[in-house]
């Protein structure tokens, strides 16, 4: 099989599932390198790509991109013909940026800190970028309830990223179930690219499990 100029480094039980979905939305050929947490993810070859020793990462030609939000934004711009990001002059670019990075910052931090049961005194919440999980959840609920997608009627890379966070939050109980969240996630999970991505990663998990039994 001919190799593409786009390589995806991942583990099917990681945030790499977000990028897998984004790659399937982009629809370009890509090679997949599945890394193990305790070995290949910390090997010199991969640390040269991502010194954090974490997945996901992509290599596109000579470009290296890590961090899920950055990868989603990069792919949308690198393959602009897919219309997965509003053009820079489009007013929808504002909510696209806003909510993509809201999920990467306040949402992820609030959910993680709450899941870890970090006891942050109420008087200290003013120092936190997210305030509280309730603040984050309410702000997200208001936006998600407005329109079918983050940018109105236009599905974008921001929906891949934000939608993945909400889906995981609902699945693992780290986000409160709200009607707007549930209908949004259900709508996203019906996309053909989302279905393909889940099937690919679930098949990798099944193969890994079979290899250890």
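The values are calculated or read from the model by the stated rules, or taken from the named source; none is laboratory data. These figures come from a predicted structure and were not determined experimentally. Cβ placement follows ideal geometry from the backbone for every residue including glycine, while neighbour counts extend to all protein chains displayed.
Numbers for the structure displayed
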read-out: Filtered residues of the range 112-139 (kept if crowded, with 17+ Cβ neighbours inside 10 Å and either in contact with a strand residue (DSSP E or B) (Cβ under 8 Å, 6 or more places away or on another chain) or without any contact (Cβ under 8 Å) to a residue 40 or more places away in the chain (or both)); value: 130, 133, 136
read-out: Only one of 110, 139, 85 that is modelled with pLDDT of 95 or more and assigned to a helix (DSSP H, G or I); value: 139
read-out: Single condition residue 86 does not satisfy, out of (1) buried (at least 20 other Cβ atoms within 10 Å of the Cβ); (2) closer than 20 Å to residue 15 by Cβ; value: (2)
read-out: Residue match in the range 149-163 (condition: within 22 Å of residue 84 (Cα to Cα), in a helix (DSSP H, G or I) and without any contact (Cβ under 8 Å) to a residue 60 or more places away in the chain); value: yes
read-out: Hits in the range 170-184 - residues which are surrounded by fewer than 21 Cβ atoms within 10 Å (Cβ to Cβ), without any contact (Cβ under 8 Å) to a residue 60 or more places away in the chain and at negative phi; value: 170, 171, 172, 176, 177, 178, 179, 180, 182, 183
read-out: Residue in the range 29-53 that is surrounded by the fewest Cβ atoms within 10 Å (Cβ to Cβ), counting only those that are without any contact (Cβ under 8 Å) to a residue 24 or more places away in the chain and in a loop (DSSP other than H, G, I, E, B); value: 38
read-out: The one condition in (1) assigned to a loop (DSSP other than H, G, I, E, B); (2) under 14 Å from the mean Cα position of the chain (by Cα) that residue 20 fails to fulfil; value: (1)
read-out: Residues located in the range 94-111, provided they are surrounded by fewer than 19 Cβ atoms within 10 Å (Cβ to Cβ) and closer than 25 Å to residue 183 by Cβ; value: 94, 97, 98, 101, 105, 108
